[in-house]
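Note sheet for the following structure.
Nothing in this text is a laboratory measurement; each read-out follows from the coordinates by a stated rule. Remember, it's a predicted structure, so these values are computed and weren't measured experimentally. Cβ placement follows ideal geometry from the backbone for every residue including glycine, while neighbour counts extend to all protein chains displayed.
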Amino acid sequence: MPQERVVTITTIILVCWVIFIIAWERIAPYRKGLAFFREGFWTDLVWYTLIQSYFLKILIFDYIIQPFQTHFDWSSIQFVKHWPIAVQVVFFLVTHDLYIYLFHRWQHSSKLLWRIHEAHHSGKEIDFLSGSRSHVLEIIINQTIEFAPIILLGADPVVVPIKAMLDAMFGMFIHANIKVKLGSLKYLINSPELHIWHHANYKEVFHANFSTKFAIWDYALGTVYEPGHSPGDLPENWGLGYNFPTDYFLQHAFSLVRFEEKKLLKYKWFKHYYGLKPAISKLLTNLWRRSNPKTKS
Ligand SMILES: [Zn+2]
Ligand SMILES: [Zn+2]
C-alpha cells in the first residue's frame, strides 16, 4: 500500500481515537471535575501539538535523518527489509520502547537531562493532551533515535506513519484522565493508572513508572509504583514542586537559566509580549461574538 494512503488511514484512526478518549474522559474520569480547557490547554495544543510537532518533523526527517541516509551506504545492515510489515512494526515498537524506558529513567536521575524533561512534568492537571508537552531537545533526541533506525535499517516506508500513530495513541491513553483497570494485561500494557502517578509530585513516584507503552519494563526492572485500591488513594499533589513558567518560550528558556516568570513583568518589552496572548484571545472572542450575535457570553 502506498505511504500516502497509509498516512490518510492513520490520520483518520487518530482523529477517531481523540474523539473516543475525550468521550471516555467525560464518562469515567480519574479526577472528577477536571475542566476540558484546563490550565495550559492552549499552550499544549497550539505550541506543542501543532507548531512544535510540525517544525520538528521537518527538522528530524529532512535535516537529520535524510543526510545520514544519503551520505552513507546502509544496504549491508538492512536486515529488516524482507520481514513482514507487522513484524517490523512490533520489532521497532518493542526496541524503541525499551530505549525510551531507559532514557526516561536516566532523565530522572541526571540533573542535566532533567532540564529537558521537567517541562513534561510541569502540568498540574493531566489529561489526554498533557503528553504533548515535551522540550524541543527531548523530542529531537527521542524521535531521531526512534525513526532513524526504521529508515536506515530498510523498513517499509509505511512503518513510519504506523509507528507515529501508535505513539500518539499511547501518548494520549497513558495521560488520559480516565479510570481504567486492565486486569492481568496491566503487566504488559501501560495505562493511566501507572503513568498518571508518575506525574504526581511525590518522592516515591519520582523514580518509578518510567514505561511508555509496555509496563513490563517497570515490572521486570523493579521500578513500578502501584497505587492501592482504597477510594482515597489518588494523588493530591501534581506537577513540579517549584514554579515553572506557563509560556512556551519561557519553558524552554527555563531549562537554560532559572528565573521567576512573574518577576519579568518589570521589563517593559516582556510586559508587552506577555500581554499579547490575552489581547489576541480577547480580539478573537470579540470577532466571534460579532459574527455570532445570538451567542451568549
Ligand atoms: Zn518522567
Ligand atoms: Zn507523561
Checklist outcome for this item: Listed with the fewest Cβ neighbours within 10 Å leading, His198, His207, His120 appear as His207, His120, His198
Checklist entry - Under a plain spin-label model, where a point goes 7 Å from the Cα along Cα-to-Cβ, how far apart in nm are Leu283 and Glu260? => result 3.1 nm
Checklist entry - What translational D, rounded to a whole number of µm²/s, comes out for the chain from Stokes-Einstein when the hydrodynamic radius is the Kirkwood one over Cα pairs, at 25 °C and 0.890 mPa s? => result 116 µm²/s
Item to check | Those trypsin sites (Lys or Arg not before Pro) in the range 142-208 that DSSP places in a loop and that have at most 13 other beta carbons within 10 Å | outcome: Lys181
Next on the checklist: If the elastic network links every pair of Cα atoms under 10 Å, which of Trp83, Trp197, Trp269 fluctuates the most in the Gaussian network model of the chain?
Outcome noted: Trp269
Checklist entry - Given Cα pairs under 8 Å that are at least 6 residues apart, what percent is the relative contact order of the chain? => result 21 percent
Checklist entry - Hey, in the GNM for the chain with a 10 angstrom Cα cutoff, which one of Asp73, Asp167, Asp247 fluctuates hardest? => result Asp73
Checklist outcome for this item: Length gained if Ala35 through His207 is fully extended, taking 0.36 nm per residue and subtracting the Cα-Cα distance, is 59.1 nm
Item to check | Within the chain, longest stretch clear of exposed GluC sites (Glu not before Pro) (DSSP loop, no more than 10 other Cβ within 10 Å) | outcome: 1-235
Checklist entry - Sorted from fewest to most neighbouring beta carbons within 10 Å, what does the list Val160, Val90 look like? => result Val90, Val160
Checklist entry - Of the cross-linked pairs Lys32/Lys179; Lys32/Lys181; Lys124/Lys179; Lys181/Lys213; Lys81/Lys213; Lys124/Lys181, which ones have a Cα-Cα span greater than 21 Å in the structure shown? => result Lys81/Lys213; Lys124/Lys181
Checklist entry - Which far-off residues, 5 or more places away or on another chain, put their amide H under 5 Å from the one on Ile178, with H placed in the peptide plane? => result Tyr30
